[in-house]
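First the structure, in the form of structure tokens, and then the observations on it.
The values are calculated or read from the model by the stated rules, or taken from the named source; none is laboratory data. All values derive from a computational prediction rather than experimental measurement. Here Cβ is always computed from backbone atoms with ideal geometry, including for glycine, and neighbour counts include all displayed protein chains. Just so you know, the surface numbers come from the protein's heavy atoms only, side chains and all, with ligands and any DNA or RNA stripped out. Shrake-Rupley method; radii C 1.70, N 1.55, O 1.52, S 1.80 Å.
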Amino acid sequence: MGRVPPLRIRPAGPADAGAIARIYDAAIAGGWSTFATGPHSAEERRGWLAARGDRAPVFVAEGGEAVLGWAALAPFSHRAWYDGVAEYTVYVAEEARGRGVGRAMLRHLVSAAPGLGYWKLVGLIFPENAAGLALARGHGFRVVGTHLAHSRMAGEWRDITVVERHLEVPAG
Ligand SMILES: CC(C)(COP(=O)(O)OP(=O)(O)OC[C@H]1O[C@@H](n2cnc3c(N)ncnc32)[C@H](O)[C@@H]1OP(=O)(O)O)[C@@H](O)C(=O)NCCC(=O)NCCS
């Protein structure tokens, strides 16, 4: 893919489920984005979309006719006192990476979050995921630290780095 056409970021609908599954599975195959395992089907992702509440929105970035990426917020914890903390997720199609799609989607999540009652966004990123960490840092997220041997993937212990941005307290 050459230049990415002008982006439109909008809530995901059932018709986006196939593209979401394809983009997710390609990232899973890369091995440094998520502990999740695939494959995912359009039908499974339609169920996943339908089961999400108002405070767990999924957005897609559309360039021309194509879905180039998806992004989501989800409550960080079921505990009432963490009600204002959300975990974010951003996935960009491999062929559209490095052209600002991830940046635009994370910006969208940051601006949508306060309206959903969130005061902080947290991201969980493998330390090897240079793009994921660069994306977070570029949006004013700070690295909290790295959980060591936090879970296993394909039988191997993997670390996970936590990033956060408070949306009401100035960065610093
Ligand atoms: C992480 C990801 C979303 C970035 O999306 P993208 O559209 O390629 O990123 P952008 O082009 O918007 O660039 C965002 C920043 O990351 C940097 N970046 C992009 N790819 C990079 C790479 N491979 N290595 C280092 N930095 C990189 C860019 O320079 C940019 O930094 P800047 O804002 O300081 O200029 C994308 O690589 C992806 O989908 N990865 C798989 C899923 C994942 O790991 N998500 C992160 C955890 S939620």
| request: Could you run through the stretch 119-134 and say how many residues are touching a residue at least 60 places away in the same chain (Cβ under 8 Å) and either open to solvent by less than 40 Å² (accessible area, probe 1.4 Å) or not acidic (Asp, Glu) (or both)? | output: 3
| Here are some conditions: (1) open to solvent by 30 Å² or more (accessible area, probe 1.4 Å); (2) within 12 Å of the chain's Cα centre (by Cα). Gly155 meets all but one. Which one does it not meet? | (2)
| task | Look through Gly69, Gly63, Gly84 and report the one residue that is in contact with a helix residue (DSSP H, G or I) (Cβ under 9 Å, 6 or more places away or on another chain) and either modelled with pLDDT of 95 or more or charged (D, E, K, R) (or both). | result | Gly69
| note | Note on Leu106: of the conditions (1) outside any helix (DSSP H, G or I); (2) within 13 Å of the ligand (Cβ to nearest atom); (3) not polar (S, T, N, Q), unmet is (1)
| field | All positions within the stretch 70-92 that are surrounded by fewer than 21 Cβ atoms within 10 Å (Cβ to Cβ) and either away from the ligand (no atom under 14 Å from the Cβ) or among the aliphatic types (A, V, I, L, M) (or both) | value | Ala74, Pro75, Ser77, His78, Arg79, Ala80, Trp81, Tyr82, Asp83, Gly84, Val85
| field | Residue check, Thr161 closer than 28 Å to Gly64 by Cβ and among the polar types (S, T, N, Q) | value | no
| So is Arg52 part of a helix (DSSP H, G or I) and of a type in the set (Lys, Arg) or not? | no
| query | What about Gly138, is it within 13 Å of the ligand (Cβ to nearest atom), open to solvent by 60 Å² or more (accessible area, probe 1.4 Å) and of a type outside the set (Val, Ile, Thr)? | reply | yes
